Every structure is written in C-alpha cells, then in structure tokens.
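Asker: First the structure, then my questions, so here it is.
The values are calculated or read from the model by the stated rules, or taken from the named source; none is laboratory data. What you see is a predicted model, and the numbers here were worked out from it, not measured in a lab. FYI the Cβ positions are ideal-geometry reconstructions off the backbone, even for glycines, and counts take in every protein chain you see.
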Amino acid sequence: MWLLTFFPDLFVHLVFLAGLLLFLGATFLGMIPVINTYKTPAQIVGVIILAFGIYLEGGLAHKKEIEVAVKELEAKLAEANAKSQEKNTEIVEKIIKDTRVIRQKGDDIIKYVDREIVKYDNQCVIPEDVIKVYNEAATLGTATNLKEDKKAEPTDEKKEHKMLLPPRVSQ
C-alpha cells in the first residue's frame, strides 16, 4: 500500500482513533440539544474516517507481514549463499585435483614416448605404439592400455605411418 510510505505508523493509529472518537462522540454527545443538529453529519464523517483508518490499519498489518517474510527470505538467502560458497570451494578443489591428474597422465605419456623413441631413433620409423600413445595424449587418455593393444594387433615396425594430430578447435 503506497500511502503508508508517506506516513509513519503513528499517523495510521491516530486516524483510526480519530474516526472512532468522532463517531462515538457524535453518538453520545448527540443527546445535548446544541450538538444534536450536528450529530448525523459528525457520525457520517466519523464512520468515513473510521473506515479509512481500518483500511490503513489493514495495510499496515499487511506491510508488517511482508517485512517479516522478507527478513525470513533474506536469512534463507544468506544460508544459501554460505552453502554455495562451500560448494564452490569443493568444485575448485576438485578441478585442481583433476588438473593435477591430467598433468600427471600427460607427464607419464611424455616419459613413455621419450623412452620408446630411443628404441626407434636410428630407423626413422614411427612405430604404431608411439602413434597410439600420441593420440591418447591428444584425447587425455592413458598409456596403460598400450600393452594390451600391442598383443591384440601384430604390427610391422618397418611400415611408416602418418602421425595423427590432435583435433583443432575452430573459431
């Protein structure tokens, strides 16, 4: 209720009280002959002010309920923000851990390639093992499946292969 933004709470109570006093005063003081002529208009004005005062009191009560609800929601929001910060911390820690694992896997693959390339350095042939490891490194795989692949597929070491490059990201 926008009217309540302009007036303090005391004004609302005073309007209600003024309407009530005017109506009751006109009713009881209407027995006096001099005031009796103004009894009916005073009662009508008193009822109008009383009705407006009741309306303002209802708006004031609603405003207070809204303020209580807003405070409760602000408390819930603060609690949700605290939980969000905890989750963000967990996510950052997980990302750091995953990054370390990925770097370690990449280092393992590089060590394996360096170890295997020495065997074939004089022949200038790129073995299929190196190509597979290179492709796995491009997709952040591991070199653990390499020995299983070597048993499954017989390779001709003198056969030259084109090295596969990691996929490029288009802009």
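Asker: State which residue pairs qualify: first residue over 17 Å from Leu20 (Cβ atoms) and inside the range 31-49, second residue in a helix (DSSP H, G or I) and of a type outside the set (Val, Ile, Thr) in any location, beta carbons under 6 Å apart, and separation of 6 or more residues or different chains.
Answerer: Final answer for the pair search is Ile35/Leu29.
Asker: Picking from Val169, Val118, which residue would you name as being exposed (fewer than 14 other Cβ atoms within 10 Å of the Cβ), under 41 Å from the mean Cα position of the chain (by Cα) and at pLDDT below 75? Full working, then the answer.
Answerer: Details: Val118 fails: under 41 Å from the mean Cα position of the chain (by Cα).
Testing whether each residue is exposed (fewer than 14 other Cβ atoms within 10 Å of the Cβ), under 41 Å from the mean Cα position of the chain (by Cα) and at pLDDT below 75 leaves just Val169.
Asker: Identify all residues within the range 66-118 that are of a type in the set (A, V, I, L, M, F, W, C) and under 30 Å from Val130 (Cβ atoms); write none if there are none.
Answerer: Within the range 66-118, the first condition is being of a type in the set (A, V, I, L, M, F, W, C), and the residues that meet it are 66, 68-70, 73, 75, 77-78, 80, 82, 91-92, 95-96, 101-102, 109-110, 113, 117-118.
Selection gives Val101, Ile102, Ile109, Ile110, Val113, Ile117, Val118.
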